[in-house]
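Student: My questions all concern the structure below.
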Amino acid sequence: MRKIRQIAAAVMAGAMVAAAVTGCAGKQDPREVYDAAVAKNAALESMDVDASMKIGLAQGEENMEVEVVTNIKVDQSDKEHLKYLTTASTTLQGQSMETTAFYTDGYYYMDAAGQKLKYPMDMEEMMKTIEDSVGTTEMTSDSMESIELKEDGENTILTFTADPEKMSDYLDEVMGSLGDLNALGDLNMTIDSASGEYTINKDGYYTDMKVDMAITMEAAGSTLNMTIDMTGSYNNPGQAVEVTIPDTEGYTEIDPALMGAGQ
């Protein structure tokens, strides 16, 4: 189960990285539209993001499915009082685990299955946490083998298929950013296929996405076949986001080093 959750976390990071797309159809080069969109979405100070991911794992005759549903709310409009709140539900073999994490007044709080912990975190480190969670190490347009744009009313639909070799390099970078993934030992991932679709609204913001991938993984002498179906939405991008911080009572303070923070 630990290995699956580590994989799910890495792919979720990849999903959020891929989810910054905008532009308009016209006669623009789709790659230029994508590249311009990355900068536009990265400039958002406040965001409300929903994402869901279904992962299928198969090894021989054994099969397993895990689903992760996440919401992230961020308000960076007041740089001295940044607010961050994320809720996640992970379902594996019919069992669900709920997690809530938030940041306020210099502390990072986490409630995982009823275990409440907190530790101090400076603003710079929290900003990096936000960047990692919503994606700032963007997939380059060079990773896309083909991109097409079409108009759908006031929206623009961008579809792509990926260059498997270049996507593999990208996913390796995302997974390599997760320090505890080293517990899996040598991990070799090959993306067999990847394709996706993004909806861009009339204001030039990405609103909806879906990405499908098929991956072969080799770790500890075992081969796993993995399928990933992801969807995501930026809710009212460009608008202010109200972040309601939960009650901070009842959290046990711990050494940040125990959670790998500050390293």
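Student: (1) touching a helix residue (DSSP H, G or I) at 6+ places or on another chain (Cβ under 6 Å); (2) at pLDDT below 90; (3) not in a helix (DSSP H, G or I): which one isn't true of Arg31, the others all being true?
Tutor: Only one criterion is unmet by Arg31, namely (3).
Student: Could you check segment 199-221 and list, in sequence order, the residues that are within 28 Å of Glu62 (Cα to Cα), in a strand (DSSP E or B) and modelled with pLDDT under 85? Give the derivation first.
Tutor: So in segment 199-221, the residues within 28 Å of Glu62 (Cα to Cα) come out as 210-221.
Cutting the leftovers down to in a strand (DSSP E or B) gives us 210-219.
Residue satisfying the conditions is Ala219 alone.
Student: Continuing with this model, one more query. Filtering segment 188-198 down to residues that are modelled with pLDDT of 85 or more and either in contact with a Cys (Cβ under 6 Å, 6 or more places away or on another chain) or under 17 Å from Ile157 (Cβ atoms) (or both), which residue is surrounded by the most Cβ atoms within 10 Å (Cβ to Cβ)?
Tutor: Gly196
Student: Can you tell me which residue in segment 130-139 is modelled with the lowest pLDDT, limited to those that are in a loop (DSSP other than H, G, I, E, B) and surrounded by fewer than 17 Cβ atoms within 10 Å (Cβ to Cβ)? Before the answer, list the steps.
Tutor: Start the filter on segment 130-139 by keeping residues that are in a loop (DSSP other than H, G, I, E, B), which leaves 135-139.
Imposing the further condition that a residue be surrounded by fewer than 17 Cβ atoms within 10 Å (Cβ to Cβ) reduces the set to 136-137.
Values: Thr136: 37, Thr137: 40.
Applying the filter and picking the extreme gives Thr136.
Student: When the residues of segment 140-149 are filtered to those that are charged (D, E, K, R) and modelled with pLDDT under 90, which remaining residue is surrounded by the most Cβ atoms within 10 Å (Cβ to Cβ)?
Tutor: Step one: list which residues in segment 140-149 are charged (D, E, K, R), which gives 142, 145, 148.
Restricting the remaining residues to those that are modelled with pLDDT under 90 gives 142, 145.
Values: Asp142: 11, Glu145: 15.
This residue is Glu145.
Student: Follow-up question, since we're still on this one. In segment 150-159, how many are open to solvent by less than 90 Å² (accessible area, probe 1.4 Å) and in contact with a strand residue (DSSP E or B) (Cβ under 6 Å, 6 or more places away or on another chain)?
Tutor: Total satisfying the criteria: 5.
Student: Could you look through segment 83-129, keep only residues that are basic (Lys, Arg) and part of a strand (DSSP E or B), and pick out the one that is modelled with the lowest pLDDT? Show your work before the answer.
Tutor: Start the filter on segment 83-129 by keeping residues that are basic (Lys, Arg), which leaves 83, 116, 118, 128.
Those still in the list that are part of a strand (DSSP E or B) too: 83, 116, 118.
Values: Lys83: 93, Lys116: 96, Lys118: 96.
Filtering segment 83-129 for residues that are basic (Lys, Arg) and part of a strand (DSSP E or B), the one modelled with the lowest pLDDT comes out as Lys83.
Student: Here's a follow-up. Can you pull out every residue in segment 61-118 that is touching a strand residue (DSSP E or B) at 6+ places or on another chain (Cβ under 6 Å), charged (D, E, K, R), open to solvent by 40 Å² or more (accessible area, probe 1.4 Å) and touching a residue at least 60 places away in the same chain (Cβ under 8 Å)?
Tutor: Listed by number, the residues that qualify are Lys73, Lys83, Lys118.
Student: Residue by residue through segment 45-82, note down the ones that are on the phi < 0 side of the Ramachandran plot and assigned to a loop (DSSP other than H, G, I, E, B).
Tutor: Passing the criteria: Glu45, Glu61, Gln76, Ser77, Asp78, Leu82.
Student: Same structure, new question: Hey, can you tell me all the residues within segment 217-263 that are surrounded by 12 or more Cβ atoms within 10 Å (Cβ to Cβ) and β-branched (Val, Ile, Thr)?
Tutor: Hits for segment 217-263 are Thr223, Thr227, Ile228, Thr231, Val241, Val243, Ile245, Thr248, Ile254.
The values are calculated or read from the model by the stated rules, or taken from the named source; none is laboratory data. Nothing here was measured: the structure is a model prediction, and the numbers come from that model. Neighbour counts run over all protein chains shown; Cβ positions are idealised from the backbone, glycine included. SASA here: full protein model, heavy atoms, side chains in, ligands and nucleic acids out. Shrake-Rupley method; radii C 1.70, N 1.55, O 1.52, S 1.80 Å.
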